[in-house]
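Trainee: Sharing a structure here in structure tokens format.
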Amino acid sequence: MTGVDCLIEDDRWHDAGLERLAARAAEATLAHLGLDPKEWEIAVLACDDARIAALNEDFRDKAAPTNVLSWPSEERGADVDGTVPDLPEPGLDPELGDIAIAYDTCAREAEAAGKPMADHVTHLVVHALLHLLGYDHVRDQDATLMEATEVAILGKLGLPDPY
């Protein structure tokens, strides 16, 4: 099982089953990319909108809540738009980075989209973990690659295309 360390600041995440959802999403993401899930670790802060808004302002200069944030342990992004990022080397530092996820925003988005909360949260953890691994969506071809990778991972989990 993937090393997912969840720090639950908002108790609603317990009822949502975040620990199980995050572990399942991380395991599927790493396996899809050919990485042994047992070799890697991530930390997930399960918080509310107030906490993620403060983090968003501190780290991105955006004074508003967001659904998920990620902080990779090292830069892994691809130099060429649309190419797969350099994946981490097994046997080195197992820590991939940190993720924060906000209950309030996730619940609002899931309801607005008519999706089960568990499906939306799983998608966001996959998305955030891909960011930890160097995937991004700023450049057009990178965004296409990242979305296709997310859709493939979610499909293997039996979840529909979120886009």
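Trainee: Where Lys and Arg each count +1 and Asp and Glu each count -1, what net charge lies around D36 among other residues with Cβ under 13 Å from its Cβ? The partial results should precede the final answer.
Mentor: Working: positive: K38; negative: E27, E39, E41, E89.
Net charge in that neighbourhood comes out at -3.
Trainee: Rounding to the nearest 10 and keeping the result within 0 to 90°, find how far the Cα-based axis of helix 49-60 lies from the longest principal axis of the chain.
Mentor: Orientation of helix 49-60: about 40 degrees from the principal axis.
Trainee: What net charge do the residues around A143 carry, taking every other residue with its C-beta under 10 Å from that of A143, with Lys and Arg at +1 and Asp and Glu at -1? Working shown, then result.
Mentor: Working: positive: R139; negative: D81, D136, D140, D142, E147.
Local charge sum for A143: -4.
Trainee: Report, in whole Å, the centroid distance computed from the Cα atoms of segment 1-55 and segment 70-106.
Mentor: What the calculation gives is 13 Å, centre to centre.
Trainee: Could you put W71, W13 in order, starting from the residue whose Cβ has the fewest other Cβ atoms within 10 Å?
Mentor: On the way: W71 15, W13 25.
With the sparsest Cβ surroundings first, the list reads W71, W13.
Trainee: With axes computed from alpha carbons, what is the tilt in degrees of helix 117-132 against the longest principal axis of the chain, rounded to the nearest 10 within 0 to 90?
Mentor: Tilt relative to the chain: about 40 degrees.
Trainee: Continuing with the same structure: Residue separation times 0.36 nm, minus the C-alpha to C-alpha distance between V84 and A54: what's the value? Could the numbers behind the result be given before it?
Mentor: Values: separation 30, 0.36 × 30 = 10.80 nm, distance 3.16 nm.
Additional length available on full extension: 7.6 nm.
Trainee: Here's another thing I want to ask about it. If you take the Cα Rg of segment 28-87 and divide it by 2.2 N^0.38 Å, with N the number of residues, what do you get?
Mentor: Numbers: Rg = 14.7 Å, N = 60, 2.2 N^0.38 = 10.4 Å.
The reported ratio for this selection is 1.41.
Trainee: A follow-up question, please. What does the net charge come to around E27 if you take all other residues with beta carbon closer than 13 Å to its beta carbon, with K and R at +1 and D and E at -1?
Mentor: Here the count lands on 0.
Trainee: Still on this structure, please answer the following. Evaluate segment 3-156: find the radius of gyration of its Cα atoms, find its Kirkwood radius, and give the ratio Rg to Rh. Show your work: numbers first, answer last.
Mentor: On the way: Rg = 14.8 Å, Rh = 15.7 Å.
Across segment 3-156, the Cα-based Rg/Rh ratio is 0.94.
Trainee: For segment 63-163, state which GluC sites (Glu not before Pro) are in a DSSP loop and have at most 15 other beta carbons lying within 10 Å of their beta carbon.
Mentor: E74, E75
Trainee: Quickly rank 119-126, 17-24, 31-38 as a protection proxy: mean count of other C-beta atoms within 10 Å, highest first.
Mentor: Details: 119-126: 24.1, 17-24: 19.1, 31-38: 14.0.
Packing proxy ranking, top to bottom: 119-126, 17-24, 31-38.
Trainee: Using only Cα atoms and rounding to the nearest 10 degrees, what angle (0 to 90) does helix 103-113 make with the longest principal axis of the chain?
Mentor: Helix 103-113 and the main axis of the chain meet at about 80 degrees.
Quick note: the coordinates plus some simple rules give every number you see, no bench work behind them. Model, not experiment: these values are computed from the prediction. We place every Cβ from the backbone using ideal geometry, glycine too, and count neighbours over all the protein chains shown.
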